[in-house]
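Step one of this worksheet: look at the structure below.
The values are calculated or read from the model by the stated rules, or taken from the named source; none is laboratory data. Note that the structure is predicted; figures quoted are calculated from it, not measured. Cβ: placed from backbone, ideal geometry, glycine included. Neighbour counts: every protein chain shown. Side chains are part of the model used for accessible areas, which takes the heavy atoms of the whole protein and leaves out ligands, DNA and RNA. Shrake-Rupley method; radii C 1.70, N 1.55, O 1.52, S 1.80 Å.
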Amino acid sequence: MYADDSTQYSVSSNITQLQNELQSDFDRIICWLKQNKLTLNTLKTHITVIGTKQRTSKINQLSIIAEGKSLESVDTSKLLGIHIDKNLTWETQYARVASKLSQRIGVLKRIKPYVSGRILTMLFNAIVLPYMDYCCTVWGKCPNQGNIDRLCKLQKRAARIILNVKTSELSSRQLYKDMNWLPFSDRVDFKRATLVYKIIHNHSADALQNYFTTTQSMHQYLTRGASKGNLYLNSHNLDYYKRSLKFNGCEIWNSLPQHIREAPTIQSFKGRYLSRFFAQYTV
């Protein structure tokens, strides 16, 4: 629920308890707003119940009352530029990102006759890449592979414009090699690995400091994973949990060679990670 750019949330497996907690919290919010002579815009305040398709399909709309009005329930909410849907499929987010990329890549195509490839690359980094990177550690792993493929195709389209080549002239592998780019899906892995490094080395927000647990701390005896400094993978059956940073971040980290994990600085970590990735293009 949103009051201006604020978010109020509650977590519960019981829908009645969830509604009671939210209503109680919202009553206190309304009281605070009145005491500070502020007004809540109920037209911009929404409710989204997030869960699996099986769970949310059985839930009736929550009835949260604010200033005598029932707040609207929506399937997708926009928070800090990210579109969060009730089942965490990220369909709306991918559609919006693809639309932004397509528009800006069209700009690159229109100005291509008048500028060099170097300028086009700079423009790509300035007006296209930020839309791919922004919070991709959250929404980058999508259950619909078609959405990921769509962004990769747009990325390759931009590469062909910059390199001034036709679709049939270079393979995807050669395009990424010539541009020194990571494909979108691999870029998400890189961003997640970088965030895991920051969390482990206490360079992230305080709320993430204890986000991961080492395998060594979960066992009283020394296992192979513990001796390597692996992160503990909590087994789970839900697919969207397996796509989350909590789980997938551990998978990515545990797959990295020791010399990358033990990089002394974030800059050296990124350099070693990218060197390992781009080494495959020379094989």
Vicinal HN-Hα couplings computed from phi for region 40-50 (Karplus, 6.51 cos²θ - 1.76 cosθ + 1.60; Hz; Gly/Pro x): 8, 8, 5, 6, 9, 10, 10, 10, 10, 8, 9
Equivalent-ellipsoid semi-axes of region 64-146, from the Cα gyration tensor, Å, largest first: 35, 15, 10
Trypsin sites (Lys or Arg not before Pro) within region 1-49: DSSP coil, no more than 10 neighbouring Cβ in 10 Å: 37
Exposure rank, largest accessible area first [111, 30; 1.4 Å]: 111, 30
Among 134, 38, 233 the positive-end extreme of the charge dipole of the chain (Cβ point charges): 134
Rounded to the nearest 10 Å², the accessible area of residue 33 at probe 1.4 Å: 20
Distance between region 169-213 and region 13-74 - C-alpha centres, whole angstrom: 36
Pair residue 255, residue 241: separation of 7 Å Cα→Cβ label points (nm): 2.1
Percent carbon-and-sulfur accessible area, the chain, ignoring ligands, DNA and RNA, probe 1.4 Å: 50
Additional length obtainable on full extension of the chain from residue 163 to residue 208, 0.36 nm per residue less Cα span: 12.2 nm
Whole-number D in µm²/s for the chain (Stokes-Einstein; Kirkwood sum over Cα pairs; 37 °C, 0.692 mPa s): 149
Shape box of region 132-264 [Cα atoms, principal axes, largest first, Å]: 59, 32, 28
